[in-house]
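Have a look at the structure below, then the notes.
The values are calculated or read from the model by the stated rules, or taken from the named source; none is laboratory data. Since this is a predicted model, take the numbers as computed values, not measurements. Positions of Cβ are backbone-derived with ideal geometry, glycine not excepted, and every protein chain shown enters the neighbour counts. What goes into the accessible areas is simple: the full protein's heavy atoms, side chains included, and nothing from ligands, DNA or RNA. Shrake-Rupley method; radii C 1.70, N 1.55, O 1.52, S 1.80 Å.
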Amino acid sequence: MSTGTAPACVLRLSHQRSRIRRRSRPRPRRGQQATVHALLAAGHSKRSIARQLGMGLNTVLRFSRATEPERLFTGQWQCRPTKLDAYKPYLDQRWQEGCTNDWKLWEEIKAQGYPDGYGNVRAYVSRNLRGKPQPVGPRPPSTRAVSR
């Protein structure tokens, strides 16, 4: 009585297995390194800290080895020289002179030989220069101040 199809109970089981997913651990949140250090100082084991905080043992080990949070962020992309480095003093000077248009700044360093695109200049300006105080100069004359 074999018709070439599997019984219904087997189909149901295989369907249920495909819906089962591995339990994934949540990513470590900001400030958990201090929690790990506090629990270690209180005498908890690294394995129990991993269970308690719901993170992997390797993460707890990495947090326990780092003395300050900056030690955790030592990646290959940090402190690497960029093509913009040679032009940063000029950009800073122009920003202090009052030129806050990043497109204009890019055009100026492009004329000086900067080989990259506008996006890098825009990112540098928004990340490093925006929010820096600009020199306060004399206010431009208003239209009301002009006498007839």
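If the Cβ limit is 8 Å and pairs must be 6+ apart or interchain, which residue in the range 73-96 that is basic (Lys, Arg) and open to solvent by 80 Å² or more (accessible area, probe 1.4 Å) pairs with which residue that is assigned to a loop (DSSP other than H, G, I, E, B) and modelled with pLDDT of 90 or more?
So the pair list comes out as 83/114; 83/115; 83/116.
Of the residues 22, 71, 17, which single one is part of a loop (DSSP other than H, G, I, E, B), farther than 30 Å from residue 113 by Cα, charged (D, E, K, R) and at pLDDT below 80?
22
Residues in the range 47-56 that are of a type outside the set (Gly, Ala, Ser) and under 14 Å from residue 37 (Cα atoms): how many?
The total comes to 4.
Would a scan of the range 131-146 turn up a residue that is surrounded by 12 or more Cβ atoms within 10 Å (Cβ to Cβ) and at pLDDT below 90?
Taking every residue of the range 131-146 in turn, at least one turns out to be surrounded by 12 or more Cβ atoms within 10 Å (Cβ to Cβ) and at pLDDT below 90.
Please name all residue pairs, on different chains or six or more residues apart, with Cβ atoms under 8 Å, provided the first residue is in the range 106-134 and is assigned to a helix (DSSP H, G or I) and the second residue is acidic (Asp, Glu) and open to solvent by 40 Å² or more (accessible area, probe 1.4 Å).
Final answer for the pair search is 129/92.
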